[in-house]
Each structure stands twice: as structure tokens, then as C-alpha cells.
Amino acid sequence: MGVMRIGHASIKVMDMAAAIKHYENVIGMKVVHTDAQGNVYLKCWDEWDKFSLILTPADSAGLNHVAYKVQHDSDLEQLKASIEAHGIKTEMLAAGALPFVGRMLKFHLPSGHEMRLFQQKELVGTDVGSTNPDPWPDGLKGAGAHWLDHCLLMCPLDPEKGINTVADNCKFMTQAMGFHLSEQAVVGPNGAIQLAAFLFCGGKPHDIAFVGAPTAGLHHVSFFLDSWADILKAGDVMAKNRVKIDVAPTRHGITRGETIYFFDPSGNRNETFAGLGYLAQPDRPVTTWTEDSLGRGIFYHQGAVTESFTTVYT
Amino acid sequence: MTAATPCSVQLPQTGESYVCAQGETLLQGMIKLGRRGIPVGCVNGGCGVCKVKVRQGSVAAVGAISRQHVTAEEEACGVTLACRAAPLSDVELEVIGKMQRGFFYSITCSGSAPR
């Protein structure tokens, strides 16, 4: 199976000018394209494909779709077959359905979120190029994020009604999509309920995560930074720009990542995330966080979760 | 558009009241109550946790609110998000968002019974 990494996220914003300012000045992305419908495409400096974020004008916030990139064009056929064998309908969107992108396989996760797979996106190179590159480019703005790293989706969970789309998504992603489970959080009697699942397709601790919630939504899109020092600088950038910080700099037990959570001007949660954590491999034993240690799993230092972190999403 | 003077905000559900300084949103004023349970989410109109109904008085919008959380019909009846509305006069509010339980739970536990 050939899913390599997250390719892009398409999110809804209610004030495009404010959103562009945020993703440019705080995250450090650059606008690369605006289409006839007013959708705006942005890219981080260390990404080589044309864009990784689409902002769409809307009267609400949240996720339109998240797309992952596969290695070979033939992977799209193989994945179409395995997804449909899992009982999920798919639709192949023609090349150009999104600018700069080849054909896309569109389907919905058991949680209801729209996911797309693609193999082709216009290659433009990173801002430092591929020949004798400097480690970072001049003129970076804000946090200077390297790349869109992963997303966390809130998935309907109602144990009394026997609904757990975290578990359904996890099963689907591992069986049909070739992802692997790196970490999970389990709750309830004998830890029978899978409350959270962190999955990878490359070598990082997670490329996508699912957490149980009353309704489906977007918890956050996350941008990669090098180090703890970069996280602290990103915190300064947010303060300078009066960005609403949800969770101040800290470390996750899960994935070992260093983090800040904050909101874009439409209330979509962003994360700046540092540290590659550990080498994620298919044969690495799955890490499990139990209910009594869940707070430490989520925020390792404080050991407790603020209410807004679990109840607020778009 | 903002009120020329500070406005008083009444919360009949808990018996509390607070003042919004000129230009402050209903939520910025509410935060100054300084207790647990204040529905602070994204503060940008997207998440809907600070949903309120303006029972009396008038407010001005200070930004977009998500239609996923406040319909046009609700808005016409005085429903809005506290992070996106500033009072134009003294107002009376009802807290109706999804952090409502925490809002009242904190009051019950701090000893001042809801009315």
C-alpha cells in the first residue's frame, strides 16, 4: 500500500483576509494561488509540492476534506479496491478537480469525514531548493513552520448506543489503507473503549489521529517545527499577533511531541508541533494509555486536560 | 459601533452580573467574573461554546459567527456567540452553549445557588 503522508487540508474560514494574515504571519506559510471561487492555497517553506492548505470562504468553520498523497498512480486503483472491499463507496475525481492536482480518490471515513487520495501535485520545490541547500531560507515569517504534519479528527463516540467511530476509523485505516497504530488511549471497564487512536503511514509517530466526541469535527491541523526553542519562539509570535492560545507550550506523553495549541481567526484549532518523537515502524509494539494516566498522555507535565481542549472544536 | 459607556450585563440564571468596558465583548466581560466554568473556547466565533441569548438590551456583532452553531432564525431571536458581540446598552443574558453544564456546575460548587 502506498500512502506516504498528509498532502493537504481544506478548511472553512469565515473571514478570508484575517485567515490569510494568520496563516502567513503566524504559521509562516505563503499564498501560492487564489482560484476563481475565492479559495486560497498556501504552502510551507520546507514542502516541495505546490500547496498544503486550502482556505475556503464559508459561513462556518471546520474541515472540508483532508487529502493524503500516495507514491504510485497504481496505488489509487489498489486502494480503491481495498476501500470498497471494506464497504466504503468511493468516487474518482478527474485531474484538475483541484488546481495543480491529478485525479483524486474521494470517500468518507466511518466517522463521516471526507478524505481524498492523490498521487500527482505540481512539484515546485522547497524554498531552499535541492542543490547544496541552506538549512533554512531567509525571510521566514512568524513560526516559520516546515510542513503540514498531521490532523486530528473528532469522531462520533457513544458507547451506550454501541457507536465508536474511533475504533471503526482505526480498523479501516489499518486494514484498508495500510496505516499502522502507534498509540491509543482506552477507557471504560477493562479499557474496552478505544477513545483515541494515533496512526502512521511514514516513519513519524502519527500522520493522523482520531478522538471520540459527541459529533464529527476538526480538532486541529498541525504544523511541524524543529525544536522546543522553535515552539517557544512560536509562542512569542502568537502573543505578538494576539492569537488565542488554547494550550501554552508543553509536551505530549503521546508521541512525545512538544506543542502549542491555538486558534485561527475562524476558531479552527492549529498546533505547532516539534520533535520527531521516535522511529515509528510497523513492528513497534503499540503504546497504550489507560484511563488513569490519560491526562499525562495528553499533557505530560500538567497531567490534566483543560475542558476547552476536549469540548471545543470546529 | 460600541457603547459610549461601560454596560452592565445581568445573568438571571446565576444571579451574577458584570460590566463590559467600552468595546469589550460579552465574553471578555464574563471572563472577569474570575471563576471556573466560563465558556471560553476559540473566542473567534467558530466553536459555538459561548452561545448566549440576549434577553434584554442590544448588542453589536464584532465578527462572523458560525452558522453551524447559530442559525439565521436563532440570530433573529437574539441568539449569538458571547465572543462576537459587544453590548450597546445594559443587557440581560441567558447562557445556552454546550459548556452550560460547566457554567452552572461551578456556581453550584462555589456555594452561590443558581436562581
| message | What aspartates and glutamates does B:LYS53 reach when the alpha-carbon gap must be under 15 Å and sequence neighbours fewer than 8 apart in one chain are set aside? | response | B:GLU73, B:GLU74, B:GLU75, B:ASP90, B:GLU92, B:GLU94
| task | Please give the calculated 222 nm ellipticity per residue for chain A, where each DSSP H segment of at least 4 residues contributes -39500 (n - 2.57) and the sum is spread over every residue; nearest 500 deg cm²/dmol? | result | -5000 deg cm²/dmol
| query | Of the trypsin sites (Lys or Arg not before Pro) in the stretch A:223-298, which ones lie in a loop per DSSP and count no more than 16 other C-beta atoms within 10 Å? | reply | A:ARG242
| field | Shielding by partners, peptide B:29-41 (average Cβ within 10 angstrom, other chains) | value | 2
| said: To the nearest 20 Debye, how big is the dipole of the stretch A:3-118 about its Cα centre, given +1 on the beta carbon of each Lys and Arg and -1 on that of each Asp and Glu? | reply: 40 debye
| Can you tell which of B:GLY41, B:GLN28, B:SER89 lies farthest toward the positive end of the dipole of the stretch B:15-105, using +1 and -1 charges on the Cβ of basic and acidic side chains (Lys, Arg; Asp, Glu)? | B:GLY41
| By average C-beta atoms within 10 angstrom, highest first, the peptides B:17-27, A:89-99 | B:17-27, A:89-99
| said: What does the charge count around A:ALA280 come to, taking other residues whose C-beta lies under 10 Å from its C-beta (Lys +1, Arg +1, Asp -1, Glu -1)? | reply: 0
| message | What does the extension gain come out to for A:ASP73 and A:MET4, with contour length at 0.36 nm per residue minus their alpha carbon separation? | response | 23.6 nm
| task | Can you figure out the FRET efficiency of A:ILE88 with A:ASP283, using R₀ = 35 Å and their beta-carbon distance, to the nearest 0.05? | result | 0.80
| request: Please list, or write none, the lysines whose alpha carbon is within less than 25 Å of the alpha carbon of A:LYS233, excluding same-chain residues fewer than 8 places away. | output: A:LYS21, A:LYS30, A:LYS43, A:LYS141, A:LYS204, A:LYS244
| note | For A:THR290, placing the label point 7 angstrom along Cα-to-beta-carbon and taking the stretch A:253-276, residues whose amide nitrogen sits under 20 Å are A:253-255
| message | Could you check the spin-label model distance between A:LYS21 and B:ALA60? Points 7 Å from the Cα along Cα→Cβ, value in nm. | response | 1.8 nm
| With springs only between Cα atoms under 10 Å, which of A:VAL13, A:VAL221, A:VAL187 fluctuates most in a Gaussian network model of chain A? | A:VAL187
| field | Electrostatic dipole magnitude of the protein assembly as shown [Cβ: Lys, Arg +1; Asp, Glu -1; Cα centre; debye, to 20] | value | 580 debye
| field | Selection from A:MET29, A:ALA185, A:LEU55 lying farthest towards where the dipole of the protein assembly as shown points positive, charges on Cβ | value | A:ALA185
| query | What does the charge add up to near A:GLN119, with Lys and Arg as +1, Asp and Glu as -1, over the other residues with Cβ less than 15 Å from its Cβ? | reply | +3
| Can you list the aspartates and glutamates whose alpha carbon sits under 13 Å from that of A:LYS121, skipping same-chain ones fewer than 8 residues off? | A:GLU47, A:ASP49, A:ASP73
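Bear in mind that the values in this text are calculations on the coordinates, not laboratory data. Please read all numbers here as calculations on a predicted model, not as lab measurements. Glycine also receives a Cβ, built like all others from the backbone with ideal geometry; neighbour counts cover every protein chain displayed.
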